[in-house]
Amino acid sequence: MAMASKEASLLFHLISIPSISGHEGKACSYLASQLPSLGWDDTYIDEAGNVVASRGDGKNEIVLLGHIDTVEGGPEVKMDDDFIWGRGAVDAKGPLCAMAVAGGRAKLDPGFKLTLIAAVGEESSSKGTLYRIPLHSPKACIVGEPSNTYGITIGYRGCLKATIKAQDNGAHRSADEGPLTHVTLAAADILNFIRQESEALQQAVIFRPSGAIISMSGREMGRRTAEIEMEIRIPVGSTPEQYTSLIEKCTRKHGVEFEIIFAIKPHLVDKDNPVVRALRKAVRNHYGTPQLFVKSGTADFNHAAAWNCPLAAYGPGDSSLDHGMEEHVSVKDYLKSIDILEAAVCSIMSYDLA
């Protein structure tokens, strides 16, 4: 490991601590121990396991919402003068550490409070963010997700996860194809409908649906069982209820059952809201030309919509590297993102957030 700035060392050491969803405790303890030295006044780990820190005591709260959990796997953790490698470098310990450093530096105006949330479980059930939602009424929120340093994300598709399942007490396949076949046919109908709908729309990805199989299982040993777990990405302009109705129709046709595991609406914000404007200004004044992005995935951004406040997602890192074996972030871009976030927080306080 090369000599590094304290900002880069913070990210390197946090990446070095595995924190897959449901096992974030050690990483949370480390981050919580570092935040006071970064300028945060009050730091604790809440009952859901989130790291929460704050500065200031004003009534106007700005929330910096990141997540500390990751998926499994990833490349070897390492750092040199140019790059930091490892699971979470992009998604999303890089954006989280950038917010932690920037938030600790930003000069707060009277009447403002700044809160950092390092949420657990974003890659699974979003339990950390869901726990915090009713506890805050922010005037503005930045969500820490990779946007290539100069980018600002203003929208994510929604998501619906469901299981399609069936079982019986056994029969000869020549007379009854059985649960495995019926469940597969139902899933195929759903996916074919979504694919045809998407191809017909010919719009940007955030306005088109997609579907995928997450897992499949089944056995025929006397009693026959089958289950498919699937995921549907819901486009802006649609609702989870519409795709629940599709699943219900296709499963009824093939005589199988379904269960909705998880559903969240898509969310697209106004490109001129105060948070987006502040980030655009900060990018332009510091390093380059801002770009606005919409994402095909889903994030805690969608849950933060419940706060009904100006919102955007921002952070260092190339999101095409999310969850992959080449996950790494440029040290230079990570440090730039800290300056951009600090400036953006200061700008947000200058806007009318009523």
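The values are calculated or read from the model by the stated rules, or taken from the named source; none is laboratory data. This is a predicted model, so every value here is computed, not measured. Please note: Cβ atoms are built from the backbone with ideal geometry, for glycine as well, and neighbour counts cover all protein chains shown. These area figures cover heavy atoms from the full protein model, side chains too; ligands, DNA and RNA do not enter into them. Shrake-Rupley method; radii C 1.70, N 1.55, O 1.52, S 1.80 Å.
Structural remarks
- Candidates Arg208, Arg173, filtered to the one that is under 19 Å from Lys295 (Cβ atoms) and among the basic types (Lys, Arg): Arg208
- Candidate set: region 173-210, residues that are assigned to a loop (DSSP other than H, G, I, E, B) and among the small types (Gly, Ala, Ser); chosen: the one least open to solvent (accessible area, probe 1.4 Å): Gly178
- Conditions (1) open to solvent by 30 Å² or more (accessible area, probe 1.4 Å); (2) closer than 20 Å to Pro146 by Cβ; number of the one not met by Phe258: (2)
- Listed by position, the strands (runs of 3 or more DSSP E) contained in region 264-343 that have at least 3 residues being surrounded by fewer than 22 Cβ atoms within 10 Å (Cβ to Cβ) are 291-295.
- Index of the failed condition, Ser16 passing every other in (1) under 25 Å from Gly121 (Cβ atoms); (2) open to solvent by less than 10 Å² (accessible area, probe 1.4 Å): (2)
- The one condition in (1) among the acidic types (Asp, Glu); (2) open to solvent by 20 Å² or more (accessible area, probe 1.4 Å); (3) within 24 Å of Ile68 (Cβ to Cβ) that Asp352 fails to fulfil: (3)
- Leading residue by the ranking (surrounded by the most Cβ atoms within 10 Å (Cβ to Cβ)) among those in region 211-229 that are touching a helix residue (DSSP H, G or I) at 6+ places or on another chain (Cβ under 6 Å) and within 16 Å of Phe262 (Cα to Cα): Ile228
- Inspection of region 130-137 identifies at least one residue that is open to solvent by less than 50 Å² (accessible area, probe 1.4 Å) and assigned to a loop (DSSP other than H, G, I, E, B).
- When Ala92, Ala119, Ala106 are checked against the criterion of being touching a Pro at 6+ places or on another chain (Cβ under 9 Å), on the phi < 0 side of the Ramachandran plot and aliphatic (A, V, I, L, M), a single residue qualifies: Ala92.
- Condition check for Ser29: in contact (Cβ under 8 Å) with a residue 12 or more places away in the chain, more than 18 Å from Ala102 (Cβ to Cβ) and open to solvent by 40 Å² or more (accessible area, probe 1.4 Å): yes
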